[in-house]
Amino acid sequence: MPETARDLTTLVAATKYRVPRVRRSCILRERLVGRLASAASEVGVVAVVAPAGYGKTTLLTQYANSVALPMRVVWYSVDADDDDVARFFASLVGVLEALDLDWRLPPRELVANMSAVSQQVRAAAGELAAALESASEGRYVVVLDDLHRVASSDIALLLEALIERLPEHVTLVLASRTSLPLPMARWIVSGEAIEFGPRDLEFSSSDAGDLAAGTGESPAALRRVREVLERTHGWPAAAALMLRAASSGDALDPGAGSQELLYDYLASEVLHRLPSGMQQFLLDVSVLAELTPELCGAVADCADARAMLRTLYRQDLFVTAVDGSIPVLRLHDLFRDFLQARLAATAPERLKQLHERAARAEPSLPRAVGHYLAAREWRPALQLIARHTDVLREQGHQQSMQRWLDQVPDEAVAETEEGLYVRACCAWLRWDWIQSRADMSRLIERMRAAGREPPTDALLSMMGFLSAVGEREEAARVAATVEARPLGPKGRAVLSLRQAWASMDVGDLDSVAGYFGEFVALVAGNPREIAPLIVDRTSLYIGLPGMLEQYERFLGIGRTVMGSGAALWHGAYWVIEGWVELWHGRRDLTGKAIGAARELQSRFGGVTPTEDALARLEAVFLAATGRGGEGVRLARTLVERFASPRYASIKVVFERAYWAGVGKVAWIAGDAASVREAAQCLLPPRRPQEWLFIDLVRPTLQAQVAMLDHCWEEAGRQLEVALQAFERVRFPQGHADPRVLAACVQRMLGRREQAWSHLEPVLAECLEEDAIGPLSCEPSWVTDAVLEVIPPDRRSDPHLQTLIRRLDAWRQRPAEAALAGPLARLSEREREVLARVAMGDGNKDIARRLDLSLHTVKRHIANILGKLDCVSRRQAADLYRRHSG
């Protein structure tokens, strides 16, 4: 399946960033160029919107080639294959990299994490704006030509978010055939934008005279051109075609139809007057987005494609020159549309053959796939996608993969190995793990039936699918198959992470530390390649015997390779550090680690692979440090997602596990109602697909409800069941320690010796690891009760005294320190709203997450801005980040 078949730097063609050349034969529209230049120097957005054939690209080309330093113009020619937000964003990043900007996050990491999630799109726009802010010398103009080629609402959201954040020294010039899906009217009224329409771009009689004079046409030809201009209201394309068609000296009657019919008529006349070889060449190469000698030679039946392109360039046969010396050309859109329509009508089989040739020769992967799909060659298209699946995912092009897959009939996908693999990967990326598991199973069965072993990457993916849907025995069999194969360090590291999780999921706790230790050893041998794999399993095992040391070793190695930049896996690193510090009881360091992870999440848009792990950590930390309401609300957001169809395929496996997390946080926070609700959700017996630790959480939560009701005997009975499960199942992030609860219950029943028998092994683990995690994640009334049962001869142990003092420090809520500065002016709810604003949430997202009405959110934000004396959400968010600790 996946392999590196070619250099994928061609995912975005570099020629898209080249400013086209100005043709000497073009009329220099000095007044119009001057108006455009003046607009670009005054406002942040200039829109050039007119139908095809109005000379938009020509005008922008003349403008881009006329500006002088310190103004700088960069160019992006939008193609049809840019119609997903990740690829469009990658192209924007590519064009801006030419400006030598200061990026807060590495551009490659930004691109890799891009997806069509509103919060993430806004965060991406914020990073582009921040980078542009760093280019402060002179004025910068970013031209986006042919925006009508993309229709994605996510792209419109990205552009709107970017425009709202543009620095004053940057202008976006947007060219499109159709109205832009942006609030242009509002921006124009407020003086932030200027729009050029058809009336601004239409040819005047004097323009037509200049054009005719430049081509040496007769007065009669000029009269005919003026007639066409009157009939088409100054349509420049008609004038140009009319002059070319009239060059033979024949009289032409352009008719009185629509612009499109007129254009087809005139284009047909132009094509008819060309030599037959040139006619066929133009028809053949019309399938190409760009005309290079290599591509044209591979597609067209032509002995010398380079000479033919030079002829096209010299004669100005409706081409734009990206590079006139090679040459690299683009056909004008209208002429290309005409040629393709003619080809489809007269030679459909030839059109299919041309697309097949183009697919084999095209160096750009998206364009090559597009040609195969246009030719309805499903298998080669799927093979090409499958060979590059891993790199496409790494570079953030998941949407392109899904868009291509949607164009292939289901039966064609199901009958090919490559189709099954691509569909499994796409389903995995949208959390449809049932579909992923089904397609990967079919793929493996089909390959084995044909006498071939499936590739290791497919089997490792299959292990993840099986674990995600609770098929533990099958996952173990796949693991055994992979383990018997020769593996490189990266494959071995992935396998170790998968095996660590599988071991915990079946209660083999001794093996968890061993497998994770193998992973850490591999990280030590090749940290730059292996450390980023930690995002696969972030911090599930802290609190298990022997794991704290392993994680601390990983953190030490990770620090050596993180550097001063930022990458996606750094979020997982900070989450792990947060759990380690929390378990040790170092409150300030826990908060700093959470802050670093949250800042990274904010920049990347909150959808990196560690978002869930960070939310679980933050919820526990908030509850354990006196902000229980915030912690419970955050934990509930993870459960609420399962109401979305997106999570339907994993709901049976994960929903009650997340309810267990709500129960844990609610117990720490003293939220009795939420503890009872979680206990009710966990009451039914564990389903076969669910995680094994549910068998521990169920009686633990029932015991906690009994403790809240002061039913100590009932709590003791439930904890006997929990303690039996505890011998083989531990997941400290998802439940309380039943030994501590049992010690508390026995203390309440007056059985101090029995209470000590439960507490003693807990303290022994704490002393061995220099940690207080099992105690710091309990409400203070529980820890107060259990610490009373420590025998007098043990209380004098200096190490134990140190732990107790650390626990006391942990439980003290530093209200004065936390609320010092301007944030002290806000209510707790206002701080919650501001925290979500700082993370990039819009008003609707905040309302949903905090269970508020949209009106209430707006009122809170207005109050926040007033209390903090801020003029914008961005200013308030910056203030929050500086003062929230």
| query | How far is the Cα center of the stretch 522-563 from the Cα center of the stretch 640-656, in Å? | reply | 29 Å
| remark: Packing-ranked peptide list from 441-449, 691-699, 377-385, highest mean Cβ count within 10 angstrom first, is 691-699, 377-385, 441-449
| note | With all protein chains present, the stretch 675-817 has a carbon and sulfur share of its accessible area (1.4 Å probe) in percent of 50 percent
| Quick one: putting +1 on the C-beta of Lys and Arg, -1 on the C-beta of Asp and Glu, what dipole do you get for the chain around its Cα centre, in Debye to the nearest 20? | 940 debye
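Quick one: if the Förster radius is 25 Å, what FRET efficiency do GLU453 and GLU474 give, using the C-beta to C-beta distance and rounding to 0.05?
Working from the Cβ atoms, E equals 0.90.
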| query | Cross-link partners among aspartates and glutamates for LYS664, C-alpha distance below 13 Å, same-chain residues fewer than 8 apart left out? | reply | GLU618, GLU677, ASP737, GLU778
| note | Simple spin-label estimate for GLU760/ASP406, 7 Å along Cα→Cβ, in nm, reads 6.5 nm
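Which of rounded, prolate, oblate describes the stretch 530-597, given a ≥ b ≥ c as roots of the alpha-carbon gyration tensor eigenvalues and a/c under 1.5 marking rounded, otherwise prolate only if a/b is larger than b/c? Write down the numbers at each step before the final one.
Numbers: a/c = 1.75, a/b = 1.21, b/c = 1.45.
Oblate, because a/c is 1.5 or more while a/b does not exceed b/c.
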| task | Roll a 1.4 Å probe over the protein chains and send me the accessible area per residue for the chain in Å². | result | 40 Å²
| task | Calculate how steeply helix 153-164 sits against the longest principal axis of the alpha-carbon atoms of the chain, using the helix alpha-carbon long axis, and give the answer as 0 to 90 degrees to the nearest 10. | result | 90 degrees
| For the peptides 705-711, 659-665, 792-798, 490-496, what is the packing order when you average, over each peptide's residues, the other Cβ atoms within 10 Å and list the highest mean first? | 659-665, 490-496, 705-711, 792-798
| request: Give me the number: length gained by fully extending ASP390 to ARG376, i.e. 0.36 nm times residue separation minus the C-alpha to C-alpha distance, one decimal in nm. | output: 2.6 nm
| Length gain on complete extension for the stretch SER41 to SER179, per 0.36 nm per residue less the alpha carbon to alpha carbon distance? | 47.4 nm
| request: Whole Å is fine, so just give me how far the alpha carbon centre of the stretch 499-514 lies from that of the stretch 746-772. | output: 25 Å
| remark: Rounded to the nearest 10 degrees, the helix 348-361 long axis (Cα) sits at an angle to the longest Cα principal axis of the chain of 60 degrees
| query | What is the Cα radius of gyration of the chain over 2.2 N^0.38 Å, N being its residue count? | reply | 1.13
| query | With N residues in the stretch 386-482, what two-decimal value do you get for its Cα radius of gyration over 2.2 N^0.38 Å? | reply | 1.04
| Using 1/(1 + (r/R0)^6) with R0 = 45 angstrom and r between the beta carbons of SER853 and ARG717, what's the FRET efficiency to the nearest 0.05? | 0.50
| task | Report the extension gain between ASP797 and LEU683 in nm, rounded to one decimal, defined as 0.36 nm multiplied by the number of residues separating them, less their alpha carbon distance. | result | 36.9 nm
| According to a simple spin-label model (label point 7 Å from Cα along Cα-to-Cβ), what is the distance in nm between ASP200 and ASP100? | 3.2 nm
| request: Compute the acute angle (0 to 90°) between the alpha-carbon long axis of helix 333-346 and the principal axis of greatest extent of the alpha-carbon atoms of the chain; round to the nearest 10°. | output: 80 degrees
| task | Compute the Rg/Rh shape ratio of the stretch 561-716: radius of gyration over Kirkwood radius, all on alpha-carbon atoms. | result | 1.01
| field | For the stretch 52-71 versus the stretch 479-497, the gap between their alpha-carbon centres in whole angstrom | value | 56 Å
| request: Quote the FRET efficiency, to the nearest 0.05, computed for THR637 versus ALA347 with a Förster distance R0 of 45 Å and r equal to the Cβ-Cβ distance. | output: 0.20
| query | With contacts defined as alpha carbon pairs under 8 Å and 6 or more residues apart, what's the relative contact order of the chain in percent? | reply | 10 percent
| field | Unit Cα scatterers, Debye sum, the stretch 353-397: log10 I(q)/I(0) for q = 0.33 Å⁻¹ | value | -1.16
| note | Taking a label point 7 Å from the Cα of SER872 along Cα-to-Cβ, the residues of the stretch 137-176 whose backbone nitrogen sits under 12 Å from it are 162-169
| note | Over all viewing directions the Cα convex hull of the stretch 506-555 casts an average projected area in nm² of 3.3 nm²
| query | Can you list, largest first and rounded to whole Å, the semi-axes you get for the stretch 116-173 by taking the square root of 5 times each eigenvalue of its Cα gyration tensor? | reply | 21, 15, 7
| Candidate lysines - alpha carbon under 30 Å from LYS16, same-chain residues fewer than 8 apart omitted | LYS56, LYS352
| note | Cross-link reach from LYS844 to lysines, straight Cα distance under 21 Å and at least 8 residues apart if same chain, gives LYS858
| query | Put a dot 7 Å past each Cα toward the Cβ at VAL22 and ASN526; how far apart are the dots in nm? | reply | 5.3 nm
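The values are calculated or read from the model by the stated rules, or taken from the named source; none is laboratory data. Remember, it's a predicted structure, so these values are computed and weren't measured experimentally. Cβ coordinates were reconstructed from backbone atoms using ideal geometry, including for glycine residues, and neighbour counts include every protein chain displayed. When the accessible area is computed, the model is the full protein with side chains, heavy atoms only, and any ligands, DNA or RNA have been set aside. Shrake-Rupley method; radii C 1.70, N 1.55, O 1.52, S 1.80 Å.
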